[in-house]
Amino acid sequence: MTFIALDDEPLALVLIEKLAAEVPDIHLLATFTDATAAADFLQNNTADLLLTDINMPDVSGLDFVRQLPDERPMVIFLTAHKEHAHEGFDLDVVDYLVKPVSPERFQKAMIKAAARLVLQEKLDPLPAQETSFFVFSEYIQVKITIADILFIESMGDYVKIHLAGSAKPILTLERLKNLAARLEKHGIRRIHRSYLVNVEKIEARQKSQICVAGVWLPMGETFLGLGKNW
C-alpha cells in the first residue's frame, strides 16, 4: 500500500516517516508541508492513502480533502484535538490519529486501510456471459442488471449507479476504477476520471461531451481518442 503525508509541521512528518518504516508492506511516497504541493502530486501520481493533518494554516485538512477530485485516495486524518475526530465523518475517512501518534495506533490505522484496499480490489472482472451482479446499498444486496446501466458516477470511495427505469441511483461503497475493470467487457467504458458509461446508451456526442439518457457528461482528454471506436 502506498501513501503520502501532509502536515505543516516538519517534525510531525519525520515521526510519520519513522513509524512507516516499522510497518511492513506500506510505502511512503512523499511528504508535504504545503497543501498545494500535495494536491499537485495527487493530480499527477497515484497513491492508495492520504495521511493529512486537520489543523493547518493555509487550509484545513477537512477542506483539502473536500477539494480533491472524486477519485481520491483513502484518507486518515491527523489531529492534535480529539474533539475534531468527528468533523470529517461525512468524508468516509478510514481512521483518525490523535497526536502524538503511538506506533501501535499508527500500525492499527494502516492495517485498517490495507484491509479496505483489499476489499476494494478483490473483485475479478465479470465473465462475459454474466448479465448482472450484486452490490451492497443501504445494508442490503441490490441486483444490478448490466444492460440497464446508463452511467456510473464516482463519489470518492462510493459510486452512484444510474439505471434505466430507476428514478434514484444506487449508491454503493466501491471505487470507479474497480468497476471499470470489472465491466469493460460488458461495454461499460470510462470516459472521464469520474464517469463510466454504457456505450449502448449513448444518445449523442458533442466535442468533449457525451449524452446519456438526456444527461450530458464530460469526456476527459485522455479518453477522447478511445471514444471514436464506440
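A few comments on the model shown:
- Filter pass, Thr36 being surrounded by fewer than 16 Cβ atoms within 10 Å (Cβ to Cβ), farther than 25 Å from Leu173 by Cα and outside the structural domain of Val159 (by TED's automatic domain parsing): yes
- Region 185-208, residues that are in a helix (DSSP H, G or I) and in contact with a Phe, Trp or Tyr (Cβ under 6 Å, 6 or more places away or on another chain): Val199
- Breaking point among (1) loosely packed, with under 11 Cβ neighbours inside 10 Å; (2) in a strand (DSSP E or B), for Thr172: (1)
- Checked against (1) charged (D, E, K, R); (2) over 20 Å from Ile140 (Cα atoms); (3) within 19 Å of the chain's Cα centre (by Cα), Glu174 passes all but condition (2).
- Test: residue in region 144-156 that is surrounded by fewer than 16 Cβ atoms within 10 Å (Cβ to Cβ) and at pLDDT below 85: no
- Conditions (1) in contact with a strand residue (DSSP E or B) (Cβ under 9 Å, 6 or more places away or on another chain); (2) modelled with pLDDT of 90 or more; (3) not hydrophobic (A, V, I, L, M, F, W, C); number of the one not met by Gly165: (1)
- Residue list for region 135-169, filter: assigned to a strand (DSSP E or B), touching a helix residue (DSSP H, G or I) at 6+ places or on another chain (Cβ under 7 Å) and aliphatic (A, V, I, L, M): Leu150, Ile152, Val159, Leu163
- Residue within region 72-86 that is surrounded by fewer than 18 Cβ atoms within 10 Å (Cβ to Cβ), of a type in the set (A, V, I, L, M, F, W, C) and either outside any strand (DSSP E or B) or assigned by TED's automatic domain parsing to the domain that holds Arg175 (or both) present: yes
- Long-range neighbours under 7 Å by Cβ, at least six apart or interchain, first residue in contact (Cβ under 8 Å) with a residue 24 or more places away in the chain and under 14 Å from Val197 (Cα atoms) within region 155-174, second acidic (Asp, Glu) and assigned to a strand (DSSP E or B): His162/Glu153
The values are calculated or read from the model by the stated rules, or taken from the named source; none is laboratory data. The shown structure was predicted, so the numbers you read here are calculated from the model rather than taken from an experiment. Positions of Cβ are backbone-derived with ideal geometry, glycine not excepted, and every protein chain shown enters the neighbour counts.
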